[in-house]
Amino acid sequence: MSPEQTAHFSAPVVYWLAESRFETHFRPMVISRADELIGFLVYGVDPDDGEYWLITFMIDHRFQGRGLGRRALEAFLAHFDDEHPGARLTLGHHPDNHVAARLYASAGFAPTGELIGGEVIRVRPPA
């Protein structure tokens, strides 16, 4: 993410790594191309209702606009479906992040009409 994006869209990686030490249901994952780190995501199950969330998904600004985010999301969703068959996945994104909205829509995430914490909520039904 660029410095401008971090001000509006997501907490830094170090925050999510620290948070996952306390929120044991958070599953941080790196996104790499060959041996190069290009992004990061966190997913997990809400312990209150058993729903799975893609909590954060970010691609380093130096690698954006090349289709790598789309490929990373597709790879993650294949992993998720293998690990959690029949589970739906929920996520939120900033309303002004139109690139994310298009990416998530293309991957089958439909808006619920809900806003939580100012974020548009989208759900992907079970595969």
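Say whether the condition of being of a type in the set (Ser, Thr, Tyr) and at pLDDT 95 or above is met by at least one residue in the stretch 54-71.
So far as the stretch 54-71 goes, no, none of its residues is of a type in the set (Ser, Thr, Tyr) and at pLDDT 95 or above.
Looking only at the stretch 30-46, decide whether some residue is modelled with pLDDT under 85 and either in contact with a strand residue (DSSP E or B) (Cβ under 9 Å, 6 or more places away or on another chain) or among the hydroxyl-bearing types (Ser, Thr, Tyr) (or both). Yes, the stretch 30-46 has at least one match. For the stretch 79-93, filtered to residues that are more than 15 Å from the chain's Cα centre (by Cα) and in a helix (DSSP H, G or I), the residue that is nearest to ARG27 (Cα to Cα) is GLU83.
Taking every residue in the stretch 94-118 that is over 26 Å from HIS61 (Cβ atoms) and part of a loop (DSSP other than H, G, I, E, B) and pairing it with any residue that is small (Gly, Ala, Ser) and modelled with pLDDT of 95 or more, at least 6 positions away or on another chain, yields no pair with a Cβ-Cβ distance below 8 Å.
Restricted to the stretch 47-75, and to residues that are under 15 Å from PRO125 (Cα atoms) and aromatic (Phe, Trp, Tyr), which residue is surrounded by the fewest Cβ atoms within 10 Å (Cβ to Cβ)? Taking the candidates together, the pick is TRP53. Taking the conditions (1) among the aliphatic types (A, V, I, L, M); (2) exposed (fewer than 12 other Cβ atoms within 10 Å of the Cβ); (3) in contact with a helix residue (DSSP H, G or I) (Cβ under 9 Å, 6 or more places away or on another chain) in turn, ALA78 satisfies each one other than (3).
Assess whether VAL99 counts as being touching a Ser or Thr at 6+ places or on another chain (Cβ under 8 Å) and surrounded by 11 or more Cβ atoms within 10 Å (Cβ to Cβ). Answer is no for this residue.
Of all residues in the stretch 81-93, those satisfying the criterion of being loosely packed, with under 15 Cβ neighbours inside 10 Å and either within 23 Å of HIS61 (Cα to Cα) or among the acidic types (Asp, Glu) (or both) are ASP82, GLU83. Of all residues in the stretch 45-76, exactly one satisfies the criterion of being among the small types (Gly, Ala, Ser), within 25 Å of ILE116 (Cα to Cα) and free of Cβ contacts under 8 Å to residues at least 24 places away in the same chain, namely GLY50.
The values are calculated or read from the model by the stated rules, or taken from the named source; none is laboratory data. All values derive from a computational prediction rather than experimental measurement. So basically every Cβ, Gly included, is an ideal-geometry build from the backbone, and we count neighbours across all protein chains shown.
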